[in-house]
1. Would it be correct to say that LEU22 is out of contact with any His (no Cβ under 7 Å at 6 or more places or on another chain), modelled with pLDDT of 95 or more and surrounded by 16 or more Cβ atoms within 10 Å (Cβ to Cβ)?
2. Give segment 56-78 a look and list any residue that's open to solvent by 70 Å² or more (accessible area, probe 1.4 Å) and either in contact (Cβ under 8 Å) with a residue 12 or more places away in the chain or in a loop (DSSP other than H, G, I, E, B) (or both), or say none.
3. Output the residue which, of all residues in segment 35-53 that are surrounded by fewer than 17 Cβ atoms within 10 Å (Cβ to Cβ) and touching an Asp or Glu at 6+ places or on another chain (Cβ under 9 Å), is nearest to LEU72 (Cα to Cα).
4. May I ask you to say which residue of SER54, SER48, SER77, SER37 is over 18 Å from LEU22 (Cβ atoms), within 11 Å of the chain's Cα centre (by Cα) and not aromatic (Phe, Trp, Tyr)?
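The values are calculated or read from the model by the stated rules, or taken from the named source; none is laboratory data. Note that the structure is a prediction, hence the values are computed from the model and not measured. Here Cβ is always computed from backbone atoms with ideal geometry, including for glycine, and neighbour counts include all displayed protein chains. Quick note on the areas: whole protein, heavy atoms, side chains included, nothing else; ligands and nucleic acids left out. Shrake-Rupley method; radii C 1.70, N 1.55, O 1.52, S 1.80 Å.
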Amino acid sequence: MNEVDKKRYIQIGLKIAYYRKLNGLTQENLAEKIGISPGYLSQVETPSFIQPISLKMLFALADVFRIQPYKLLEFESEI
């Protein structure tokens with residue numbers, strides 16, 4: 001995986017953590033709602049661990065957070 005993609009996955013993980021906390025959810029709560037393990041979600045959210053996610057997971061997260069999916073791909077700074 002190239003460096004640009006790594007940075008993108010880190011940004012996505014940070015966005016997921018942001019929206020999860022904004023919605024008052026624990027990793028366990030959110031993982032249960034979208035049908036994944038809390039450990040996998042923890043890996044996705046951890047910046048030092050590059051863990052790709054599927055579009056299916058991205059859509060499920062957006063549904064739980066009640067946001068448009070693109071919000072999870074909208075980065076604050078250039079990559």
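1. On the way: out of contact with any His (no Cβ under 7 Å at 6 or more places or on another chain): yes; modelled with pLDDT of 95 or more: yes; surrounded by 16 or more Cβ atoms within 10 Å (Cβ to Cβ): no.
Here the answer is no, as LEU22 does not meet what is asked.
2. Quick first cut of segment 56-78, residues open to solvent by 70 Å² or more (accessible area, probe 1.4 Å) only: 56, 59, 63, 66, 68, 70, 73-74, 76, 78.
If the condition is that a residue be open to solvent by 70 Å² or more (accessible area, probe 1.4 Å) and either in contact (Cβ under 8 Å) with a residue 12 or more places away in the chain or in a loop (DSSP other than H, G, I, E, B) (or both), then ARG66, GLN68, LEU73, GLU74, GLU76, GLU78 are the ones that fit.
3. Of everything passing the filter in segment 35-53, PRO52 is nearest to LEU72 (Cα to Cα).
4. Numbers: SER48 fails: within 11 Å of the chain's Cα centre (by Cα); SER77 fails: within 11 Å of the chain's Cα centre (by Cα); SER37 fails: within 11 Å of the chain's Cα centre (by Cα).
When all the criteria are applied, what remains is SER54.
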